[in-house]
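Here's the structure we're looking at; comments come further down.
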């Protein structure tokens, strides 16, 4: 028979006790750490610390329980119970026993069975537990007190504008303004320094004010608006308001005779987010052979936060010539990084769009900020991926049928200037050869641009950029080098009548001395300007090609100026809506008969500036007398979008209302009204006749 | 030639010396010496009796201390120091209320010497009748001259000029009544500058001229008054063809309150202007201005042009708008109306000055935008429109009223009788409106029409440009019964000075700063004209510089008129004759005693 006893029943209470010991001794430390984490870094850190500490504690408890093994049991039994005759090991030993040992083991086993396993466990280490929990409670209490003090509002600041009040009249003695920005801004509440408040729109403003002696009631009076009653609390009179529109307010209390000066309530509007393209660097990318996916990176910036989710709109234009099909699909993408500056990285699988040579794919990102309610949605710039069409088949004799594949994307003159300036800045870090090469590259850009504008002048076709002749020796033309760089200045190169034209092949490859039709489209003045621009471009090109970008820069700038003037000269002014022409009387048309024509007078609608109210007030303020302040204030409120600083005008009105007799305040309001008055179109002044004397003089002149 | 004084002196001296030597040799001892001395004294007194010296006996110089007189100033020999009320306290100075009092008290003075900043207007008023010397102090640092803007029509541009001393490298800024900067100029070595701004609604406004030093610190703030007059609407006729030019002209006329009737002949008897415009004597007499395109003028025919010419001589204003090159016949037609010119068949570019110094100043000049105006429309960076003008050559009779940035004529007028004829040489001025410069378009047309409009009996008294409280102001151009209403509603009747001639001038002493109104009862009821009075300290440096300039001129005037009338004066001879008689008597007595024998 097997006499060995399983040690577990005897070990279990001791193990439980040991684990309990560990937990009880160390758990205060975990709690204190978690509380510290919560206090210093927020509730998330606190919870993480608590969970981590709990796990560590469990592991520690398990370890200390595991330390109690059979050996410990034997030692403990032998040490505790003399009746076991130091033979407890025999009972729990698994080894083969000798007969004598067997006998002894049986004897001892009976005695062991009589021992209560719970008595074997260590006693509770009361002192250690008491010490640990005492220290822990003390630390937790300390943290709690610290936190409470931290979150308690600061004491009231002494009021800046305590007016000299008569005895017994309430006087503003203390002030505290707490600004709680809307939750979506992520801004922490703060206390304002003064009663003039400038805070994000939608903030909650909480005032706490103290008066001495205490009044019966107190309120915040919005000038020309609502009244916020203050309620008396433990540390003063308090009230709150949501800040949405700019306004002026003043503190009033029952029994206060003179009005306190008005203070400003100015909301800071939330700006819509802005989207910027990071990759690809230019607005137009060319699809590489075998490209499977396309990475587009946008960056969206906002003053508070950009929503993580944005909408990517992908438009495909598949097909060639007139047979182009458009398809639009959109997907939701997730941004990463700082909420104020989120980055949206999108890998577009190109296979799914079914692109064929010659098609375009346009990706555009629509982002929103986190404003609530009503997030502001902004559509970002589009970026184009182009699947280049295959080169024309190289068939001898069909050269003239070669087609220019890529519409010419020229660098703009402004881009040339930017490049040149960048090159000049980098001069020191570049080798002489590379410098010359880059300068030459910019010179090529400048040349292309010059030729582009030269087309309008009917410049010789020899100079027009020829598309690469499709010969076998010729490599792929370095076209992408000359694409418009950054997607912001596409409007520079005007559309030419021969823009990418297929039909004008003869002009492209031939040699014509005559000017094209385009040249007659411009009036002589514009032609002269254009010529000046071309001359300046030519000078710039020469200098760039010879590696002297500094010398080229003035000419580039001059050319840009001329081009701007040309654009101005050819600006067309159109009404915003289409004009409605009377129907043509076909029976009269081209007959030359003019009978019965009735000329209706061309009527003009008078141009009305609604500033009669401030103009009247402005004139009246020059003289002593009563002013219609309410009407003026209503006008300012109604027109506050046009006025640069409506609050300043309102403050001046309000100050004058408080002291209608004050000359200085009248002058101040009059001065403020000057910014409100619309400037009328210059009027005509009658000239005086100089009286009888002057008339006689003029008559005597003859 | 020996002067008689010298000859007499030699003769008398030799005689006296001989007598003295003789006395000294005649008797040794104190008596001899005494007689010798007496004979010398007798010779001297004889000479003095013959030629009495020009001693300052009653011919003093009056030393007049004015403001900022140096503290150590004292009367020199033959000078008497008086201090005017502005002068600081000086030791030994006699306080006088004004210069006339000082001259009355000291009638013996023969000369004036003025020290300090100079005489105020009160003392410069009369002539002293004495030669005066005055060395002006160096001008104070700050504004020393200010030409405030003239009366400005509503919405028009105004300019002001000034001069600052010791401010080279600083800036002059014009601030509008709200304190926004409207214009600013760097001050050069000459110290002169010109600033501009825009007027708004009719009324009186106070701008501020701020001078800043080289370190941008504010040196002075000087108020600048701007008067914008409320006008009776001008009645105008527009004769032309339907074109952008007439379209935008009508637009501006409508907006600026001109009562415009137009005749826009579209051919075939179709008038797009509303009809009812006839160029006869009656309708012309009821109009103030006729604006006519050159082609329409040529199409009128001789009779109608003669009617127009008569109407112009009667006071009508006329503006001929050039739409094409001037031909010889067109120039003849203009000449018959009263405008003489040559050329005008070539087009020349118009140079446009920038609208403002910077975008902020432009915004302040333009005022609040219209409700539907875009922010980025018509900015300062927008290129100026390309304009051309017909290069017309005119004589000295033509007064330019609108010129471009280089001074080339855009519009000019010539007087004919009571009226004026102007020629508008800018081809396609509407391009200014299209190019975003409607401010300039309106300004130019306003200037041209204001120059030629029919003269009118308007109530515009002449008031000094800068009026200060406590200083006399001469108000001219008023009729009897006019009065001034002060800001506190106190009324002061103006007494017209009959000696000031037919201009109708009266003096007025404003007491307090503020807006004053001159009120006069005219034929059509009560007429009012407002002017601003500034505080006494408003123009300190300006007044100081002006006082120095004016006093120097006054002193030069006094010296020029008084120098001839001053006689050569010697002191009276009788005291010296008496002295000589006494000395000679004593000498005679002594000599008798001397020559008498000692015993007798």
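The values are calculated or read from the model by the stated rules, or taken from the named source; none is laboratory data. Only a predicted model underlies this, so the values are computations on that prediction, with no experimental measurement involved. No Cβ is skipped: glycine too gets one built from the backbone with ideal geometry, and neighbour counts run over all protein chains shown.
Could you tell me how many of the residues in the stretch A:337-364 are in contact (Cβ under 8 Å) with a residue 12 or more places away in the chain and over 14 Å from the mean Cα position of the chain (by Cα)? Here the count works out to 19. Condition check: in a loop (DSSP other than H, G, I, E, B), in contact with a helix residue (DSSP H, G or I) (Cβ under 9 Å, 6 or more places away or on another chain) and either within 11 Å of chain A (Cβ to nearest Cβ) or under 30 Å from residue A:681 (Cβ atoms) (or both). Does residue B:232 satisfy that? Taking the combined requirement at face value, the residue does not satisfy it.
Here residue B:562 meets the list (1) in contact with a helix residue (DSSP H, G or I) (Cβ under 9 Å, 6 or more places away or on another chain); (2) at pLDDT below 90 almost entirely, failing just condition (1).
Being more than 25 Å from residue B:223 (Cα to Cα) and surrounded by fewer than 19 Cβ atoms within 10 Å (Cβ to Cβ) is the filter here; which residues of the stretch B:460-490 pass it?
Pass one, the stretch B:460-490, residues more than 25 Å from residue B:223 (Cα to Cα): B:477-483.
The answer is B:479, B:480, B:481, B:483.
Set side by side, the residues B:223, B:244, B:202 differ, and just one is out of contact with any helix residue (DSSP H, G or I) (no Cβ under 8 Å at 6 or more places or on another chain) and within 12 Å of chain A (Cβ to nearest Cβ), which is B:223. Of the residues making up the stretch A:673-702, just one is surrounded by 21 or more Cβ atoms within 10 Å (Cβ to Cβ), facing chain B (nearest Cβ under 7 Å) and part of a helix (DSSP H, G or I), namely A:674.
So if I check each of A:575, A:583, A:554, A:624, which one is modelled with pLDDT of 75 or more, in a loop (DSSP other than H, G, I, E, B) and away from chain B (no Cβ under 11 Å)? Outline the logic, then answer.
Values: A:575 fails: modelled with pLDDT of 75 or more; A:554 fails: in a loop (DSSP other than H, G, I, E, B); A:624 fails: away from chain B (no Cβ under 11 Å).
Only one candidate qualifies: A:583.
Here are B:35, B:26, B:46, B:11: which of them is more than 30 Å from residue B:119 (Cα to Cα), more than 59 Å from the chain's Cα centre (by Cα), free of Cβ contacts under 8 Å to residues at least 40 places away in the same chain and not assigned by TED's automatic domain parsing to the domain that holds residue B:130?
Values: B:35 fails: free of Cβ contacts under 8 Å to residues at least 40 places away in the same chain; B:26 fails: free of Cβ contacts under 8 Å to residues at least 40 places away in the same chain; B:46 fails: free of Cβ contacts under 8 Å to residues at least 40 places away in the same chain.
Exactly one residue qualifies, and that residue is B:11.
Within the stretch B:247-260, the residues that satisfy the criterion of being assigned to a helix (DSSP H, G or I) and either more than 9 Å from every other protein chain (Cβ to nearest Cβ) or touching a helix residue (DSSP H, G or I) at 6+ places or on another chain (Cβ under 9 Å) (or both) are B:247, B:248, B:249, B:251, B:252, B:253, B:255.
Considering the stretch B:167-184, and only residues there that are assigned to a strand (DSSP E or B) and in contact (Cβ under 8 Å) with a residue 60 or more places away in the chain, the residue that is farthest from the chain's Cα centre (by Cα) turns out to be B:181. Residue B:351 passes every criterion in (1) within 31 Å of the chain's Cα centre (by Cα); (2) surrounded by fewer than 21 Cβ atoms within 10 Å (Cβ to Cβ); (3) in a loop (DSSP other than H, G, I, E, B); (4) on the phi < 0 side of the Ramachandran plot apart from (1). The listed residues are A:641, A:615, A:651, and the only one of them that is within 8 Å of another protein chain (Cβ to nearest Cβ) and crowded, with 17+ Cβ neighbours inside 10 Å turns out to be A:615. Among the residues making up the stretch B:71-87, those that are more than 17 Å from residue B:123 (Cα to Cα) and part of a loop (DSSP other than H, G, I, E, B) are B:71, B:72, B:73, B:74, B:75, B:76, B:77, B:78. Among the residues of the stretch A:63-102, those that are surrounded by fewer than 14 Cβ atoms within 10 Å (Cβ to Cβ) and either farther than 19 Å from residue A:113 by Cα or in contact with a strand residue (DSSP E or B) (Cβ under 9 Å, 6 or more places away or on another chain) (or both) comprise A:63, A:66, A:67, A:95, A:96, A:98, A:99, A:100.
Of all residue pairs spaced 6 or more apart or on separate chains, those with beta-carbon atoms under 9 Å, a first member in the stretch B:443-464 that is more than 7 Å from chain A (Cβ to nearest Cβ) and a second member that is assigned to a helix (DSSP H, G or I) are B:444/B:432; B:445/B:249; B:445/B:252; B:445/B:253; B:462/B:503. If the condition is being closer than 30 Å to residue B:475 by Cβ and within 8 Å of chain A (Cβ to nearest Cβ), then the stretch B:411-442 contributes B:415, B:418. For residue B:101, the conditions (1) outside any helix (DSSP H, G or I); (2) closer than 30 Å to residue B:120 by Cα all hold with the exception of (1). No other residue among B:358, B:439 is buried (at least 19 other Cβ atoms within 10 Å of the Cβ) and under 24 Å from residue A:674 (Cβ atoms) apart from B:439. Residue A:231 falls short on exactly one of the conditions (1) within 19 Å of residue A:172 (Cα to Cα); (2) at pLDDT below 85; (3) in a strand (DSSP E or B), and that condition is (2).
Per-residue answers, yes or no, for (1) over 27 Å from residue A:14 (Cα atoms); (2) within 60 Å of the chain's Cα centre (by Cα); (3) in contact (Cβ under 8 Å) with a residue 60 or more places away in the chain; (4) outside the structural domain of residue A:32 (by TED's automatic domain parsing):
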| residue | (1), (2), (3), (4) |
| --- | --- |
| A:99 | yes, no, no, no |
| A:108 | no, no, no, no |
| A:112 | no, no, yes, no |
| A:116 | no, no, no, no |
| A:120 | no, no, yes, no |
| A:130 | no, yes, no, no |
| A:133 | no, yes, yes, no |
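Selection of the stretch A:98-126 for residues being part of a helix (DSSP H, G or I), more than 12 Å from residue A:84 (Cβ to Cβ) and modelled with pLDDT of 80 or more yields A:99, A:100, A:101, A:102, A:103, A:106, A:126. Within this structure, residue A:53 passes the test of being in a helix (DSSP H, G or I), within 60 Å of the chain's Cα centre (by Cα) and crowded, with 17+ Cβ neighbours inside 10 Å.
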